[in-house]
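Read the structure below first, then the notes.
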Amino acid sequence: MKRLTVLLAALFVFLVRSGLPVMAQDRAGVTADLVLVNATVHTMSRSLPLAEGVAVVGGRIAAVGTNEAIEAWIGLRTRIIDATGLTITPGFIESHGHLMGIGWSEKYLDLSYVGSYDELIRMVAEAVRKAQPGEWIMGGGWHQSKWSPAPVPAVRGYPVHEALSRISTDNPVFLSHASGHAAMANARAMDIAGIGPGTRFSEGGEILKDANGNPTGIFVEAAQGLIAAHVPPLRSEQAARMLELAVQECLKNGITSFQDAGVDRPTLALLQSFAGSGKLNLRVYAMLIPGRDGGDQAFVEEWLQRGPQIGLGGGFLTIRTVKLMVDGALGSRGAWLLEPYSDDPGNSGHTIMPMEAAYQVSKQALEAGFQVATHAIGDRANHEILNVYERVFSENPLRAKDARFRIEHAQHIAEQDIHRFAGMGVIAAMQGIHMASDISWAIDRLGPERIEEGAYVWQKLLRSGAVVTNGTDAPVEPVNPLDSFFASVTRKTLEGTLFPWSHPEQRMTREQALRSYTIDAAYASFEEDIKGSIEPGKLADLTVFSQDLMKIPVERILDTEVVYTIVGGKVLYQRGER
């Protein structure tokens, strides 16, 4: 009998870990490794939307239900979390961010909270004071449209480099724009790169110049590579520390899975190393790119030949998506529009990648079993890449049945293209916080008609049947998902402002917002069978909040804190602990 009990217990653990359904009578004396009781559990499961507790065995969810049912799983070695007053959701999934960028922003100057050009200059001057002679001063996160007063002198709203160059004559300075689609350099950095009035660049980017033809220090899109090529590469220990910092920041914010929208060769090697040694602690879904400057096309080609890799490192790293870049950002007026910008009538933005090249990569990716995720912000960029997807799908209908191609951002869509997302099964990977951060000035770029028609139109997409995911585009915005959750359900800025052109009718319901961060986000990475809801057999990835996001007044959403972040049944973050 004892042997039979042991065999039944082993079978139970196997069933839980495999994700197969398990009934209570199958337990055979198995007790939980972890239980959480006395909680409000939003499961995102249609069959049991609300529960009081969760039991975990072997890194998977073993049971969900009432306190009484969960307490029956408690044994001598069970860790018990009494979650009185707390709320449990499936682990939050960041659907579009840049993991190494988060680590980078933890290490270098964080300019995301700078309120003026003068304040930026003061921060850089302090960094110069502490730096070694000739050391590069690096930073990012600034956005000229958020500054008051606006910089003077300026070209197209961007500051010119003179003030930056005066306070740093020996140290090269290179500061990335919040969007990642532009950067600012001082004279010393431009001297090192050999850039002057006669320097030309027209290959998917621009060196912004003043009326006299002199470089302003602003480099847009691919032109950033002219300066970036001269920045000393990170040492291996620096890169590893940046990844550690990024993972810690995600866990602190309740993120258990991260869809990394731009992984190049060195980053992937680092992720593979961390996953292989059991140090990753965050489930990463990698989207491959050929390097920041596009100079490593062989990297993507190699992976298209190799094929997708699923669940490496015990389920912590998946490689099955190719990332394309079609246009720039709305803030830098690089988003590709069907009609010119309202505040720059001679400019309709531009494409970064020829559509024929996008077609060829998308075709190869579909044939090789890879998903394609394309950065497209402007209405023309969205229109053109939908055309590319449609062409590729029509040529390979068998593969297209569950391709789940994505458009990253999808911020501005022409009315006639909105229904095409659902019609082709294309996922709109959007970021609620972008609406909150951009809406005050997006009206100037697009005008009221285009804002109403197709800017951040979450409900139009959802009602058409499209899958919409959420995220922060960190480090463009802080990785805190509650910022995007708040913006998604209110259409307000984080300061609580609702503009006349904010169109609150497009806000998500709270259930839609929670789905966008859980089960729908899991669907976008082909992982809805193993994560995204709290159901027996699924991975025990859980986020525990201090308040019930589904019931508290919206004004209190931003006051909510992450109390626990649990990945694979392990508590990897606990509020108040270092």
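The values are calculated or read from the model by the stated rules, or taken from the named source; none is laboratory data. Bear in mind the structure is a predicted one, so any value in this text is a computation, not a measurement. Note that we place each Cβ from the backbone using ideal geometry, even for glycine, and neighbour counts take in every protein chain shown.
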Restricting to segment 216-264, what's the tally of residues that are in a strand (DSSP E or B) and β-branched (Val, Ile, Thr)? 6
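Condition check ((1) buried (at least 19 other Cβ atoms within 10 Å of the Cβ); (2) in the same structural domain as Ala513 (by TED's automatic domain parsing); (3) at pLDDT below 95; (4) of a type in the set (Ser, Thr, Tyr)) across all residues:
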position: His419; (1), (2), (3), (4): no, yes, no, no
position: Arg445; (1), (2), (3), (4): yes, yes, no, no
position: Gln459; (1), (2), (3), (4): no, yes, no, no
position: Pro475; (1), (2), (3), (4): yes, yes, yes, no
position: Phe485; (1), (2), (3), (4): yes, yes, no, no
position: Leu494; (1), (2), (3), (4): no, yes, no, no
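Name the one entry in Ser516, Ser437, Ser502 that is touching a Ser or Thr at 6+ places or on another chain (Cβ under 7 Å) and in the same structural domain as Pro397 (by TED's automatic domain parsing).
Values: Ser437 fails: touching a Ser or Thr at 6+ places or on another chain (Cβ under 7 Å); Ser502 fails: touching a Ser or Thr at 6+ places or on another chain (Cβ under 7 Å).
Just a single option satisfies the conditions, and that option is Ser516.
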Taking segment 535-578 and keeping residues aliphatic (A, V, I, L, M), under 15 Å from Asp483 (Cβ atoms) and either part of a loop (DSSP other than H, G, I, E, B) or assigned by TED's automatic domain parsing to the domain that holds Asn253 (or both) leaves Leu549
So which residues in segment 299-313 are assigned to a helix (DSSP H, G or I) and surrounded by 13 or more Cβ atoms within 10 Å (Cβ to Cβ)? Phe299, Val300, Glu301, Trp303, Leu304, Leu312, Gly313
Residues that are more than 24 Å from Asp344 (Cα to Cα), surrounded by fewer than 18 Cβ atoms within 10 Å (Cβ to Cβ) and within 31 Å of the chain's Cα centre (by Cα): does segment 162-171 have at least one? no
Answer from Ile93, Ile80 - the residue that is over 30 Å from Phe405 (Cα atoms) and either assigned by TED's automatic domain parsing to the domain that holds Ser176 or at pLDDT 95 or above (or both): Ile80
Which of the residues belonging to segment 84-131 are among the β-branched types (Val, Ile, Thr) and in a helix (DSSP H, G or I)? Ile102, Ile121, Val124, Val128
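Pick out, from segment 375-442, the helices (runs of 4 or more DSSP H) lying fully within it that include 3 or more residues that are within 22 Å of Gly262 (Cα to Cα).
Where helices (runs of 4 or more DSSP H) fall fully within segment 375-442 and carry at least 3 residues being within 22 Å of Gly262 (Cα to Cα), they are 379-395.
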Which count do you get for residues in segment 513-533 that are within 19 Å of Leu482 (Cβ to Cβ) and part of a loop (DSSP other than H, G, I, E, B)? 2
Within segment 267-298, how many residues turn out to be among the aliphatic types (A, V, I, L, M) and in a loop (DSSP other than H, G, I, E, B)? 3
Residues being over 23 Å from Ser348 (Cα atoms) and more than 20 Å from the chain's Cα centre (by Cα) - total across segment 368-413: 16
Residue under evaluation Arg320, criteria (1) touching a strand residue (DSSP E or B) at 6+ places or on another chain (Cβ under 8 Å); (2) without any contact (Cβ under 8 Å) to a residue 60 or more places away in the chain; (3) of a type in the set (D, E, K, R); (4) over 21 Å from Ala222 (Cα atoms), criterion not met: (2)
